[in-house]
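Inspection log for the structure reproduced underneath, given as structure tokens.
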Amino acid sequence: MFLKHPSSPLLLLLHLLLFLAAASAALARPSPPPNFLYLNVKPTKLELNHTHILPTLNFSHAHLQVTAQKFHNTTLKLNLLHRDKLPHVHALRHRHRHAFNERIKRDAIRVATLVRRLSHAAAAVQDNSYKVASFATDVVSGMEEGSGEFFVRVGVGSPPRSQYMVIDSGSDIVWVQCQPCTQCYQQSDPVFNPADSSSFEGVSCGSTVCDRLDNTDCHAGRCRYEVSYGDGSYTKGTLALETITMGQVMIRDVAIGCGHTNQGMFIGAAGLLGLGGGSMSLIGQLGGQTGGAFSYCLVSRDTGSTGTLEFGRGAMPVGATWISLIRNPRAPSFYYIGLAGVGVGGVRVPIPEETFQLSEYGTNGVVMDTGTAVTRLPTAAYEAFRDAFIAQTNNLPRAGGVSIFDTCFDLNGFESIRVPTVSFYFSDGPVLTLPAKNFLIPVNGAGTFCLAFAPSPSGLSIIGNIQQEGIQISIDGANGFVGFGPNVC
């Protein structure tokens with residue numbers, strides 16, 4: 001029997017159920033990304049000689065003392081500075097007429113060494129004769145040019161000696177330059193002297209801590225370490241347990257490298273604060289007490305403000321958009337994410353999703369890296385993305401390529417422009433649409449702006465810190481998630 005009359009209660013109920021089902025399906029579908037944004041051109045023009053310098057940060061007396069093994073869910077929060085804010089680096093900038101080109105040169109070396117290291121990690125699976133040369137990621141050096149992008153101010157020793165340290169999400173070691181210096185590069189603060197610290201304790205050769213390092217030897221019963229980097233830089237010294245002060249929290253018994261012989265590295269900074277996924281990074285040493293949880297917000301380079309770096313479960317924000325954290329057993333230091341594609345102007349670019357997938361041998365994939373500035377995509381993916389962006393910016397006057405950038409615009413005289421959006425489509429479903437200043441950046445003082453993406457020299461994709469700027473990013477290592485937002489800086 002068929003119900004033909006439209007006023008039938010059963011038919012009306014059926015129509016209502018169909019309507020509710022359609023409405024629920026519409027609500028369940030994610031909102032499409034916007035198709036354009038406005039970029040304020042004038043305030044963001046690059047001014048190489050007018051960098052804001054932040055005052056030196058000093059420590060107050062610590063009110064809480066913990067050990068690396070007993071953190072008790074305390075949340076630590078530090079200011080995060082771009083390297084151009086360091087007083088010593090700022091002074092050196094007057095000697096550099098081409099600071100932008102120098103930064104891009106450092107970035108290219110960083111990418112090349114990351115690719116080399118991750119390729120070696122994959123090769124080790126297929127070639128048992130391969131030996132890992134160091135236990136930290138390759139980093140860019142240059143005594144004359146400096147390196148490292150973002151810095152925190154921490155205290156080393158007891159009493160704490162304030163030091164600038166580079167953060168590196170791909171490194172698994174904490175180290176500082178130490179007296180006596182056989183060879184040390186120039187840094188902003190006095191070089192740390194372990195003789196002045198009551199909490200400094202050398203690590204013996206038989207210690208399990210010493211066994212956790214790949215490149216160690218023994219001298220006078222003490223564990224010695226050496227980290228060699230891909231560009232010829234290195235740090236050598238003794239391994240020790242020391243107190244690290246962050247804000248008003250003292251963390252005891254942190255394993256650090258005390259470098260007496262150091263070449264290149266991070267001019268202005270005292271050393272490196274490794275935030276990688278390995279056991280010897282600061283995150284690894286804090287262990288289950290923080291759940292591998294930390295959050296950072298990289299402040300934009302063209303502001304006088306600071307970003308933040310927080311540790312602990314309390315740093316995980318409510319309201320963030322979460323995606324899966326992917327672990328690469330061949331490169332456990334790095335934080336991989338599932339990227340399905342990229343979009344321009346609200347439309348996904350036709351790139352096969354497997355382009356961004358991690359292979360069974362540990363190659364390719366997508367790494368989030370605080371030490372790389374410019375996002376890299378595999379060449380074919382980059383070219384498709386670039387061409388889609390060019391097709392939607394025909395109204396803007398073009399400029400010649402600059403350094404690694406092949407898509408540039410002459411925006412001299414413009415106050416504001418309308419540009420297509422750039423979005424990351426994640427494998428879990430969320431879509432992250434970047435602020436305009438995170439993909440179209442000034443490269444000189446003459447109004448030239450370039451698309452801040454570049455082709456990768458391999459199948460590896462890297463989400464660089466320019467694209468991460470201003471967005472709170474949270475790593476929940478215990479539960480295997482990466483969060484974006486909701487806060488900005």
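The values are calculated or read from the model by the stated rules, or taken from the named source; none is laboratory data. Predicted model only: the values in this text are computed from it and were never measured. Neighbour counts run over all protein chains shown; Cβ positions are idealised from the backbone, glycine included. Surface accessibility is based on the protein's heavy atoms, side chains included, excluding ligands, DNA and RNA. Shrake-Rupley method; radii C 1.70, N 1.55, O 1.52, S 1.80 Å.
Brief remarks on what is shown
- Under Karplus coefficients 6.51, -1.76 and 1.60, residue-wise ³J(HN,Hα) of region 343-350 in Hz, glycine/proline x: x, 10, x, x, 10, 6, 6, x
- Residue-wise HN-Hα coupling along region 445-459, computed from phi with Karplus coefficients 6.51, -1.76, 1.60 (Hz; x: Gly, Pro): x, 9, x, 8, 10, 10, 5, 8, 10, 8, x, 7, x, 8, x
- Surface accessible to a 1.4 Å probe, L411 within the full protein complex, Å²: 0
- Of the chymotrypsin sites (Phe, Trp or Tyr not before Pro) found in region 252-324, none is in coil by DSSP with at most 14 other Cβ atoms within 10 Å of its Cβ.
- Around the amide H of H260, modelled in the peptide plane, lie the amide H atoms of C178, K236, G237, T238, all under 5 Å away and 5 or more residues distant in sequence or on another chain.
- Mean separation of Cα contacts under 8 Å, 6 or more apart, over the residue count of region 373-420: relative contact order %: 28
- The mean sequence separation of alpha-carbon pairs under 8 Å and at least six residues apart, normalised by the residue count of region 303-454, gives a relative contact order of 23 percent.
- Heavy-atom SASA rank of T355, T321 (probe 1.4 Å, accessible area, largest first): T321, T355
- When only Cα pairs below 8 angstrom with a gap of at least 6 residues are kept, region 199-273 shows a relative contact order of 26 percent.
- Each Lys or Arg adds one and each Asp or Glu subtracts one; over the other residues with Cβ under 15 Å from the Cβ of Q392, this totals +3.
- Sequence of T308, T370 when ordered by accessible area, the most exposed leading, probe 1.4 angstrom: T308, T370
- Amide H contacts of G341: Y425, each under 5 Å away and 5 or more positions distant or on a separate chain (H built 1.01 Å from N in the peptide plane; Pro and chain starts excluded).
- A 1.4 Å probe run over region 374-486, with the rest of the protein chains in place, finds 31 Å² accessible per residue.
- In this structure, the amide hydrogen of F200, modeled 1.01 Å from its nitrogen in the peptide plane, lies closer than 5 angstrom to those of S158, counting only residues at least 5 positions away or on a different chain.
- When the residues Y335, Y234 are ordered by accessible surface, computed with a 1.4 Å probe over the protein chains alone, the sequence from largest down reads Y234, Y335.
- Using θ = phi - 60° in the Karplus curve 6.51 cos²θ - 1.76 cosθ + 1.60, the 3J(HN,Hα) couplings for region 400-405 round to x, x, 10, 6, 7, 8 Hz; x is entered for Gly and Pro.
- When DSSP beta bridges are restricted to pairs lying wholly in region 149-270, around 85% turn out antiparallel.
- Heavy atoms of K42 accessible to a 1.4 Å probe, total area in Å² rounded to 10: 130
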